[in-house]
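So the structure is just underneath, and the comments pick up after that.
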Amino acid sequence: MLNNRLRGIKNMIPHGTKFVLDVGTDHSYLPITLIQEEIASYVIASDISVFPLEDANENIRKHGLEECIETRLGDGLQVLNENEYPDLVVIAGVSGEGIVKILQEGYNKLEFDPILVLQAMEDSYSLRKYLLEIGYNFDKEVLISDKKRYYQIIRSIREKGYKNYSKLELEYGPQILKNPTKTLKEFLEKELAKINRVINNVNRSSSKDDEIIDKKNKFVKRYHDLQEVYRNAFSHEKRYH
Ligand SMILES: C[S@@+](CC[C@H](N)C(=O)[O-])C[C@H]1O[C@@H](n2cnc3c(N)ncnc32)[C@H](O)[C@@H]1O
């Protein structure tokens, strides 16, 4: 039932978690698997739109899991009642900006420090930056490839103390870079090739426009910085899997 991306998300959820909220559940494949595999004992599967929730209800019914999975229609963490505090919140398949908005608007629901399992479709940088601002750090991260796309999955927990990360660590994930894999190698090589193509295109232009030169310098700097990240992750002494 789960594709690689959703399997990666599932693997971030500790066995024995009592109460999970899956925001933007869509088909509810994740909650169904969490109950079937006894990873969680109770899940609220929510969505802001009616049609995905109808799908979710149908799938939950088909598996006879209505007692363990409750669906709710609504925006982000607002679906939780006053005294409801999940142990773990999943927000996946939404933009980084969308996830930040959900966390900002439902900030009071983070009072008891739920574990957050997050997967932004883009802009993981802004998401990590916001998590640090609210005292969350990156406990575990994984980069998954699925049908030629790459997805960063972040498990975040509240931790005391100031954490300092570089811009590229916030973009690519400090834990992902610390534990290099074949997928990361492929991904960074593609990112480097993409930047190189932009630099070559700018080089071909005969414009002496300051704006174009400035753009090229920014891309050249980004290329060198990312190349250093790549070398650090894949220096010969380090093994990766
Ligand atoms: C691309 S689907 C992802 C489904 C599933 N979470 C996954 O990762 O496969 C995004 C879902 O999030 C829902 N959604 C978007 N913004 C939301 C919000 N603020 N609150 C609740 N659901 C939201 C959409 O209606 C949609 O069903």
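Tyr42 falls short on exactly one of the conditions (1) under 20 Å from the mean Cα position of the chain (by Cα); (2) aromatic (Phe, Trp, Tyr); (3) more than 9 Å from the ligand (Cβ to nearest atom), and that condition is (1). Residue-level check: of (1) charged (D, E, K, R); (2) away from the ligand (no atom under 14 Å from the Cβ); (3) open to solvent by less than 40 Å² (accessible area, probe 1.4 Å); (4) part of a helix (DSSP H, G or I), Glu84 misses just (4). For region 161-182, which positions are of a type outside the set (Phe, Trp, Tyr), open to solvent by 20 Å² or more (accessible area, probe 1.4 Å) and more than 17 Å from Asp123 (Cα to Cα)? Answer for region 161-182, where residues must be of a type outside the set (Phe, Trp, Tyr), open to solvent by 20 Å² or more (accessible area, probe 1.4 Å) and more than 17 Å from Asp123 (Cα to Cα): Gly161, Lys163, Asn164, Lys178, Asn179, Thr181, Lys182.
Pairs meeting the criteria (first residue in region 56-70 and among the polar types (S, T, N, Q), second residue outside any loop (DSSP other than H, G, I, E, B), beta carbons under 8 Å, at least 6 apart or on different chains) are Asn57/Thr71; Asn59/Tyr29; Asn59/Ile32. Of all residues being open to solvent by less than 30 Å² (accessible area, probe 1.4 Å) and touching an Asp or Glu at 6+ places or on another chain (Cβ under 9 Å) in region 107-116, which is farthest from Arg128 (Cα to Cα)? Just the residue, please. Top of the filtered list is Lys109. For region 53-68, the count of residues that are under 30 Å from Lys148 (Cβ atoms) and among the hydrophobic types (A, V, I, L, M, F, W, C) is at least one. Checked against (1) in contact with a strand residue (DSSP E or B) (Cβ under 7 Å, 6 or more places away or on another chain); (2) surrounded by fewer than 16 Cβ atoms within 10 Å (Cβ to Cβ); (3) polar (S, T, N, Q), Asn201 meets all criteria but (1). Please work out if Ile199 is of a type outside the set (Asp, Glu), assigned by TED's automatic domain parsing to the domain that holds Ile102 and out of contact with any Pro (no Cβ under 6 Å at 6 or more places or on another chain). It is false that Ile199 is of a type outside the set (Asp, Glu), assigned by TED's automatic domain parsing to the domain that holds Ile102 and out of contact with any Pro (no Cβ under 6 Å at 6 or more places or on another chain).
Filtered by the rule that a residue be surrounded by fewer than 19 Cβ atoms within 10 Å (Cβ to Cβ), within 14 Å of the chain's Cα centre (by Cα) and among the charged types (D, E, K, R), region 147-160 gives a lone residue, Arg149.
For the criterion of being open to solvent by 30 Å² or more (accessible area, probe 1.4 Å), closer than 16 Å to Ile9 by Cα and within 16 Å of the ligand (Cβ to nearest atom), Val94 passes. Annotation note: of Asp75, Asp26, Asp22, the sole residue that is within 16 Å of the ligand (Cβ to nearest atom), charged (D, E, K, R) and without any contact (Cβ under 8 Å) to a residue 60 or more places away in the chain is Asp75.
The values are calculated or read from the model by the stated rules, or taken from the named source; none is laboratory data. What you are looking at is a predicted structure, and each value in this text was computed from that prediction instead of being measured. Cβ atoms come from the backbone with ideal geometry, glycine included; neighbour counts cover every protein chain shown. Heavy atoms of the whole protein, side chains included, go into the accessibility calculation; ligands, DNA and RNA do not. Shrake-Rupley method; radii C 1.70, N 1.55, O 1.52, S 1.80 Å.
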